[in-house]
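The values are calculated or read from the model by the stated rules, or taken from the named source; none is laboratory data. Since the model is a prediction, treat every value here as computed from it, not as a measurement. Cβ: placed from backbone, ideal geometry, glycine included. Neighbour counts: every protein chain shown. Heads up: the accessible areas ignore ligands, DNA and RNA and are worked out on the full protein's heavy atoms, side chains in. Shrake-Rupley method; radii C 1.70, N 1.55, O 1.52, S 1.80 Å.
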Amino acid sequence: MSNENQKTNTAKVSPFLTSPLPEGTEQGQQTTKQYNLPRGVKNTGNVGDTTHFGFETVKTEDKEQKVAHVFHSVAKKYDIMNDVMSFGIHRLWKRFAINMSGVRRGQRVLDIAGGTGDLAKVFSREVGSTGHVVLSDINESMLNVGRDRLIDAGCTNVDFVLANAESLEPFEDNSFDLVTISFGLRNVTDKDAALASMYRVLKPGGRLLILEFSKPVFEPFSKLYDFYSFTALPVMGKIIANDSESYKYLAESIRMHPDQRTLKGMMENAGFENCDYNNLTGGIVAVHRGFKL
């Protein structure tokens with residue numbers, strides 16, 4: 001049996017989708033192009049509106065395609081670049097976030113913008129055979145990398161779903177005990193819509209965890225970080241991934257992302273309670289947490 005067939009045959013139907021998979025479709029093949037906004041959320045991305053793509057002002061309807069191009073370009077080198085760019089510290093950041101997640105055996109976890117599956121792989125082990133994990137991403141190239149990686153690792157309790165964080169349309173209300181998004185929220189065009197969707201799919205008592213680049217808390221350190229981001233990162237991207245422009249965008253997208261207090265307020269506006277955050281590495285990264293009570 002070929003390796004590809006082995007991956008396909010490990011599939012299961014996700015219990016969290018609003019409709020079953022098409023007949024003959026296996027786990028890991030499920031995708032959705034249904035990008036409707038959640039009930040009660042206004043579309044702030046009407047044709048003619050503008051938003052930021054890094055430091056560039058673009059039409060709102062164009063940003064998704066531009067972000068998709070970035071991650072299609074970097075998907076195969078994404079993990080290597082993470083190690084190089086952060087000097088491996090991203091693994092400690094993710095471990096801290098997982099420790100804050102409170103994940104337990106038997107729980108249902110949704111990892112949004114999960115990409116190559118770093119967190120989903122750990123969650124798969126932590127929830128055990130009685131639990132379930134859904135790895136979702138809007139970018140098919142990233143999702144395919146994560147799918148292959150986790151199936152090769154024997155993670156049989158994971159589904160892979162192509163979905164937009166702004167709507168999470170495939171998923172039912174009150175479906176998950178834990179929702180996470182790691183280094184993905186800053187790439188979302190309508191963050192308020194995404195937070196509202198995350199609130200919708202969480203069960204009462206469930207927890208949202210956001211791991212994201214943020215604002216350094218010390219001004220001298222912030223200036224040094226800026227110098228590193230805008231000089232070293234594009235050079236690394238060119239050498240390792242043959243793509244300097246994508247890493248220029250990634251540096252710019254970090255600067256355009258809401259700071260810690262602003263994001264905390266956005267979470268509260270979406271309905272989350274007991275919201276807090278922890279700064280890591282001087283505020284380069286922050287872990288935000290909120291609860292649906």
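Structure above, values below:
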| item | result |
| --- | --- |
| Residue that is modelled with the lowest pLDDT [pool: residues in segment 267-293 that are open to solvent by 50 Å² or more (accessible area, probe 1.4 Å) and part of a helix (DSSP H, G or I)] | Thr281 |
| Any hit, segment 251-266, residues being open to solvent by 20 Å² or more (accessible area, probe 1.4 Å), touching an Asp or Glu at 6+ places or on another chain (Cβ under 7 Å) and in a helix (DSSP H, G or I) | yes |
| Count - residues of segment 132-154 that are open to solvent by 20 Å² or more (accessible area, probe 1.4 Å) and either among the aromatic types (Phe, Trp, Tyr) or without any contact (Cβ under 8 Å) to a residue 60 or more places away in the chain (or both) | 3 |
| Single residue of Ala232, Ala193 found to be under 25 Å from Ala163 (Cβ atoms) and either part of a helix (DSSP H, G or I) or among the hydroxyl-bearing types (Ser, Thr, Tyr) (or both) | Ala193 |
| Given (1) at pLDDT 95 or above; (2) surrounded by fewer than 23 Cβ atoms within 10 Å (Cβ to Cβ), index of the condition Val158 fails | (2) |
| Among (1) of a type in the set (Val, Ile, Thr); (2) more than 20 Å from Ala194 (Cβ to Cβ); (3) open to solvent by 30 Å² or more (accessible area, probe 1.4 Å); (4) modelled with pLDDT under 70, the one test that Thr44 misses | (2) |
| Positions within segment 235-250 being open to solvent by 30 Å² or more (accessible area, probe 1.4 Å) and either part of a loop (DSSP other than H, G, I, E, B) or closer than 14 Å to Phe183 by Cβ (or both), in sequence order | Asn242 |
| Given (1) under 30 Å from Asn269 (Cα atoms); (2) in contact (Cβ under 8 Å) with a residue 60 or more places away in the chain; (3) not β-branched (Val, Ile, Thr), index of the condition Ala241 fails | (1) |
| Residue satisfying condition, being surrounded by fewer than 16 Cβ atoms within 10 Å (Cβ to Cβ), at pLDDT 85 or above and either closer than 20 Å to Gly114 by Cβ or touching a helix residue (DSSP H, G or I) at 6+ places or on another chain (Cβ under 7 Å) (or both), within set Phe227, Phe218, Phe213 | Phe218 |
| Of the criteria (1) in a strand (DSSP E or B); (2) under 16 Å from Thr281 (Cβ atoms), which one Leu209 fails | (2) |
| Those residues of segment 86-131 which are open to solvent by 30 Å² or more (accessible area, probe 1.4 Å), in contact with a Gly (Cβ under 7 Å, 6 or more places away or on another chain) and of a type in the set (A, V, I, L, M), in sequence order | Ala113 |
